[in-house]
Structure formats: structure tokens, C-alpha cells
1. How many angstrom lie between the C-alpha centres of region 22-76 and region 161-229?
2. Would you please report the Å³ per residue occupied by the convex hull of the alpha carbon atoms in region 110-221?
3. Can you tell me the orientation of helix 48-58 relative to the chain, as the angle in degrees between its alpha-carbon axis and the longest Cα principal axis, to the nearest 10?
4. Report the relative contact order of the chain, percent, no decimals, based on alpha-carbon pairs under 8 angstrom and at least 6 residues apart.
5. Any aspartates and glutamates with Cα under 17 Å of the LYS120 Cα? List them, leaving off those in the same chain fewer than 8 positions away.
6. Would you work out the relative contact order for region 8-98, in percent, from Cα pairs under 8 angstrom that are 6 or more residues apart?
7. Give the cross-link partners of LYS9 among the lysines, using a straight C-alpha distance below 27 Å as the criterion and excluding same-chain residues fewer than 8 apart.
8. Which log10 I(q)/I(0) values does region 182-229 give at q = 0.25, 0.26, 0.30, 0.32 Å⁻¹ under the Debye formula, counting every alpha carbon as one identical point scatterer?
Amino acid sequence: MSGYNIKIKEMPDDERPRERLLKRGPSALSNAELLAVILRTGTKNENVVSICKRILSSYNLKQLSLADMSELIQIHGVGYAKAAQIIAVFELARNLETFIDNPKTKIQSPLDVYSLFYPKMREKKKEEMYALYLDTKNQILKEDIISIGSLNASIVHPREIFKPALLESSASVIITHNHPSGDPSPSREDVSITKKLVDGGNLLGIELLDHIIIGDGRYVSLKDEGIIS
């Protein structure tokens with residue numbers, strides 16, 4: 001019987017991924033074995049470890065984390081359920097990178113915003129804009145997603161930004177969005193939106209502190225660029 005179709009339950013205990021994890025800890029497992037613990041089951045003709053080894057022979061971890069549902073279900077032995085499990089585990093990993101243990105995290109610089117949002121934005125294929133609502137000490141009260149897709153002035157309207165700010169009694173707001181191209185240089189639309197939001201905030205007495213544009217491993221602060229005074 002060839003190794004790829006030996007059922008997991010037919011393997012010795014010390015070769016089964018889940019049992020090895022329980023006995024020796026996750027660091028004792030290969031990436032393929034860790035993925036096998038998540039996916040749990042194989043197919044009639046191929047066990048789950050073999051499937052995972054095959055997946056990781058075609059994708060490295062970064063590539064696998066970027067794969068979408070339509071791509072994953074093309075892999076032999078991976079249906080919608082297993083594709084959803086793969087997507088979910090990588091999304092959890094991204095969420096862990098941006099997890100705020102202290103809800104009163106203080107924002108002291110553009111770098112703080114970049115560090116908070118880069119893990120969740122670096123792999124996005126569309127532009128996403130978020131707002132951070134801050135108290136008088138620049139501590140985060142709330143984080144909100146404002147829009148997904150190409151930004152323009154009709155989508156990013158001041159009311160979409162400042163309504164939550166009023167509800168949260170925010171003293172100030174910071175907005176941030178990504179450039180999927182990797183180049184964080186502000187576009188004319190980025191500058192126009194920023195100036196419009198500055199004016200809207202001034203009318204309401206809620207300061208737009210900054211607009212951070214995130215690219216591939218770098219960022220631009222529109223406040224540092226002098227666009228926000």
C-alpha cells in the first residue's frame with residue numbers, strides 16, 4: 001500500500017499529526033502536518049497529510065495565505081469546506097497581528113498607525129479605508145472600516161467618517177487606507193478627500209489628525225507631507 005493512501009487512523013500514533021501535536025507540541029510538526037491538523041480529513045484515495053504536502057509543494061505559506069476561494073477549490077482534494085478552513089486560519093493569523101490587548105492603545109505617531117494596520121492591509125487586492133476614533137489622550141475608542149474599493153469623494157463622504165465620531169464623542173480622527181500597487185504616494189483624489197475631511201472636521205470641532213497611506217512595507221503621512229496642517 002503506497003504511503004499517500006494510508007488512512008491517518010492506520011498510521012502509528014507517533015506519526016499522526018494531531019497525536020504528535022498533543023504529545024510533543026506544535027513546534028514538532030512540519031507546516032504540512034500543522035495544515036493537516038486544521039483540515040482533519042483526506043479523500044478516499046489520499047490522506048490529509050499527503051494532500052497538505054502536495055498543497056505546500058505548489059504554494060509557499062505566503063502564496064497560500066493570499067489564495068482566494070476560487071483558486072483553492074481548484075486544488076485536487078480541496079473543496080469548499082477545506083478552502084474555507086484555509087482562508088479562516090490565515091485570517092485569524094492576520095487578526096492576531098493587529099490584536100489590541102489594551103483597548104486604550106495610544107496613538108503617538110504615524111508609525112503606530114502603520115504598525116497597527118499594515119498586517120491586515122499588506123495582502124489586500126482592493127483599497128480599504130479605516131478610521132480610528134480617538135479620545136483627548138489619543139487613545140483608541142473605536143476602529144471602523146469606511147469603504148472597500150477605489151476611493152473617491154462620493155464614497156468617502158465626511159458624514160461616513162464623522163457620524164461615528166459624534167456617537168463615540170471622539171476628540172479626533174485618523175484615517176488610513178492602502179495602495180495595493182505598493183506605492184504609498186498620495187494621489188490627487190487622496191489629497192482632495194483629505195482636505196474635504198479636514199474642512200468637515202473643523203465644522204464639527206473634531207480634528208482630522210492624519211491620513212496614513214500604506215504601501216508595500218512603507219507609508220506616507222499626509223500630515224508629515226504638509227497636506228494636513
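1. The distance from the Cα centre of region 22-76 to that of region 161-229 comes to 40 Å.
2. Numbers: hull volume 9.5 nm³, N = 112.
Taking the convex hull of the Cα positions in region 110-221, it is 85 Å³ per residue.
3. The helix 48-58 is inclined about 50 degrees to the chain.
4. Details: 323 pairs, mean separation 30.5, N = 229.
Dividing the mean separation by the residue count of the chain yields 13 percent.
5. ASP68, GLU91, GLU97, ASP101, ASP112, GLU128, GLU143, ASP144, ASP183, ASP216
6. Numbers: 60 pairs, mean separation 17.4, N = 91.
Value for region 8-98: 19 percent.
7. Hits, sequence-local ones excluded: LYS23, LYS44, LYS53, LYS82.
8. Cα-only, vacuum Debye calculation for region 182-229: -0.88, -0.93, -1.11, -1.19.
The values are calculated or read from the model by the stated rules, or taken from the named source; none is laboratory data. Note that this is a predicted model, so its numbers are computed, not measured. Quick reminder, even Gly has a Cβ in these numbers, built from the backbone with ideal geometry, and neighbours come from all protein chains shown. These accessible areas exclude ligands, DNA and RNA; they are computed on the full protein's heavy atoms, side chains included. Shrake-Rupley method; radii C 1.70, N 1.55, O 1.52, S 1.80 Å.
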